[in-house]
Amino acid sequence: MAITTIDGMMAGGRPASYVYKGPPPISTIIAGRHQSLWGLDGSPGSGLFDTTLNGVVLDSSAGNVQGMISRSDPVSGEARLARTVVRSSVGGLVLVCDRLWHNGGVNPAITTAQAIATPVWPARDMDGATLGRGVIVGLEVSAITGAGSPVVSISYTNTASVAARTGTLVHGTTSAAVPGAFYPFGLQADDEGVKSVESITLSTSWTSGTINLAAYRVLAAIDVPAVGSIDPLTGGLPRIFDGSVLFLMLLPNSSTAFRLMALLTETHG
């Protein structure tokens, strides 16, 4: 049943999940640029990436997915993110995200549209449905790129099932982008999320490296000057739908190596 009281929230508290992540294996992060912790070593260990353009949906209902923050679905009722505490050697903003889908097989060296037929998202958008409300798509680097800084766009279908929408990166790419470098796509006006992706196009060659797309939903954001936290009051008890695959993203204030530790606590009821 739903969590409606403080007593119910406290009674449903689960053991905290621990996260520790270190710097990318190559170079350093860039101030003001998203850095995904999915593929980085630490605890949990580095996550897997798919190798096909169509990609795969991610669902932890049958057990943890490699790379996700360890958790389990409630036996009955619902799960909520009750508290998150983060300590980071680099100040910035830490995002708690649910990873719904990712792909691979994107060729960074060609400039024609690369067709994608995504499967139906798992029912984990803002409404617990498959239409993608609140779902964002980003480009994630898993092996250092080569020379070039292409403009990258996607063709997508929005939550109203309108196709041929164009998503463009909210900040430009860089040459020699390091593993974990993450570039979210902005949406066309009035769109509330992404229902599916049909193609990706690079304006110029990125020469080499490995790039992937990922669809995700942000559950919470924690401001981290050094230590930051959210609780039921400041975090709003965001719903964690069954099968969620949680991971963290960092938007650092400075360009340097980093260490990050976090504890995430769910409540079930």
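Select from region 113-143 the residues that are of a type in the set (S, T, N, Q) and in contact with a Ser or Thr (Cβ under 7 Å, 6 or more places away or on another chain) and write down the one among them that is nearest to GLN35 (Cα to Cα).
As a first pass, look at region 113-143 and keep what is of a type in the set (S, T, N, Q): 114, 118, 130, 142.
Subsequent filtering for residues that are in contact with a Ser or Thr (Cβ under 7 Å, 6 or more places away or on another chain) retains 114, 118, 142.
Details: GLN114: 24, THR118: 24, SER142: 11 Å.
Among them, the one singled out is SER142.
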Handout entry: Answer from ALA109, ALA82 - the residue that is in contact (Cβ under 8 Å) with a residue 60 or more places away in the chain, surrounded by 22 or more Cβ atoms within 10 Å (Cβ to Cβ) and touching a Leu at 6+ places or on another chain (Cβ under 9 Å)
Key = ALA82
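Do we have VAL90 as modelled with pLDDT under 95, in contact with a Lys or Arg (Cβ under 9 Å, 6 or more places away or on another chain) and not in a strand (DSSP E or B) here? Don't jump to the end; show me each part of the working.
Details: modelled with pLDDT under 95: yes; in contact with a Lys or Arg (Cβ under 9 Å, 6 or more places away or on another chain): yes; not in a strand (DSSP E or B): yes.
Yes, satisfied.
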Problem - Filter result for GLY92 (over 25 Å from VAL120 (Cβ atoms), surrounded by fewer than 16 Cβ atoms within 10 Å (Cβ to Cβ) and more than 16 Å from the chain's Cα centre (by Cα)) - result: no
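Picking from SER161, SER155, SER142, SER196, which residue would you name as being surrounded by fewer than 19 Cβ atoms within 10 Å (Cβ to Cβ) and at negative phi? Give the derivation first.
Numbers: SER161 fails: at negative phi; SER142 fails: surrounded by fewer than 19 Cβ atoms within 10 Å (Cβ to Cβ); SER196 fails: surrounded by fewer than 19 Cβ atoms within 10 Å (Cβ to Cβ).
Criteria check complete, one pass: SER155.
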Practice task
With the condition kept exactly as written, say whether any residue in region 99-113 is in contact with a helix residue (DSSP H, G or I) (Cβ under 8 Å, 6 or more places away or on another chain), closer than 30 Å to PRO225 by Cα and outside any helix (DSSP H, G or I).
Solution key: no
Completion exercise
Inside region 150-186, the number of residues satisfying the requirement of being in a loop (DSSP other than H, G, I, E, B), free of Cβ contacts under 8 Å to residues at least 40 places away in the same chain and under 17 Å from THR204 (Cα atoms) is 4
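I'd like the full set of residues that are small (Gly, Ala, Ser), surrounded by fewer than 21 Cβ atoms within 10 Å (Cβ to Cβ) and within 20 Å of ILE154 (Cβ to Cβ), limited to region 169-187. Walk me through it before giving the result.
As a first pass, look at region 169-187 and keep what is small (Gly, Ala, Ser): 172, 175-177, 180-181, 186.
From the residues that got through so far, the ones that are surrounded by fewer than 21 Cβ atoms within 10 Å (Cβ to Cβ) too are 172, 175-176, 186.
GLY172, GLY186 - these are the residues of region 169-187 that are small (Gly, Ala, Ser), surrounded by fewer than 21 Cβ atoms within 10 Å (Cβ to Cβ) and within 20 Å of ILE154 (Cβ to Cβ).
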Fill in the blank from the handout: Among (1) closer than 19 Å to SER61 by Cα; (2) more than 19 Å from the chain's Cα centre (by Cα); (3) of a type outside the set (A, V, I, L, M, F, W, C), ASP231 falls short only on (1)
Handout entry: Residue check, SER244 surrounded by 20 or more Cβ atoms within 10 Å (Cβ to Cβ) and either closer than 12 Å to VAL85 by Cα or of a type in the set (Gly, Ala, Ser) (or both)
Key = yes
Practice task
Could you list all residues from region 127-149 that are within 30 Å of ILE29 (Cα to Cα) and in a loop (DSSP other than H, G, I, E, B)?
Solution key: GLY132, GLY134, VAL135, ILE144, THR145, GLY146, ALA147, GLY148, SER149
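Working only within region 3-28, note down all residues that are in a loop (DSSP other than H, G, I, E, B), at pLDDT 80 or above and either among the hydrophobic types (A, V, I, L, M, F, W, C) or touching a helix residue (DSSP H, G or I) at 6+ places or on another chain (Cβ under 6 Å) (or both).
Quick first cut of region 3-28, residues in a loop (DSSP other than H, G, I, E, B) only: 3-5, 12, 14-16, 22-28.
Of the ones still in play, those that are also at pLDDT 80 or above are 12, 14-16, 22.
Scanning region 3-28 gives a single hit, ALA16.
The values are calculated or read from the model by the stated rules, or taken from the named source; none is laboratory data. None of the values given here were measured: they were computed from a predicted structure. Cβ atoms come from the backbone with ideal geometry, glycine included; neighbour counts cover every protein chain shown.
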